[in-house]
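Each remark here refers to the structure printed beneath this line.
The values are calculated or read from the model by the stated rules, or taken from the named source; none is laboratory data. Keep in mind it's a predicted model, so treat the numbers as computed, not measured. Here the Cβ positions follow ideal geometry from the backbone for every residue, glycine too, while neighbour counts run over all protein chains shown. What goes into the accessible areas is simple: the full protein's heavy atoms, side chains included, and nothing from ligands, DNA or RNA. Shrake-Rupley method; radii C 1.70, N 1.55, O 1.52, S 1.80 Å.
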Amino acid sequence: MGYAAHMRFAPDELALLTETEEIEIETARPGGDVHRTIIWVVVDGDDVFIRSVNGAEARWYREATADPSITVHAGARALPARVEPATDPDSVRRTNEQLARKYTNVPGLRPMLKPDIFDTTLRVSPA
């Protein structure tokens, strides 16, 4: 297990991420250009997960996997964080369950549950 596996968000941060429908993920391109993208986030227990609806070709996903240091913007908070792949069956199942729970009546839910993007599931941990 890596260092990030031992770090957990504080209870107030987990509550914020649970309650926030969309976050902005801030990533950086190698060489420095920083940008933000709006994505969904789910929390299951102490674990935070994100997934790319546009698959591995999405800019934010490519940047986050090239440099796992990100910032999560939720409400007025900026949370320094790191991502790591969470493509094991249990993490994918947990992410799917939480996506279905949190975004039940949202039109974009169906594409988030397509198996061909499950390999873009990432665990987010505080930096």
Subject >> Matching entry among Pro107, Pro111, Pro80 (being exposed (fewer than 15 other Cβ atoms within 10 Å of the Cβ), in contact (Cβ under 8 Å) with a residue 12 or more places away in the chain and outside any helix (DSSP H, G or I)) >> reply: Pro80
Original post:
Looking only at the stretch 29-63, which residues are open to solvent by less than 30 Å² (accessible area, probe 1.4 Å) and either over 11 Å from the mean Cα position of the chain (by Cα) or among the aliphatic types (A, V, I, L, M) (or both)?
Top reply: Ile39, Val41, Val42, Val43, Val48, Ile50, Gly55, Ala58, Glu63
Original post:
If you check Ile25, Ile70, which single one turns out to be in contact with a Phe, Trp or Tyr (Cβ under 6 Å, 6 or more places away or on another chain), free of Cβ contacts under 8 Å to residues at least 60 places away in the same chain and surrounded by 13 or more Cβ atoms within 10 Å (Cβ to Cβ)?
Top reply: Ile25
Original post:
Does the stretch 49-57 contain any residue that is assigned to a strand (DSSP E or B) and modelled with pLDDT of 95 or more?
Top reply: yes
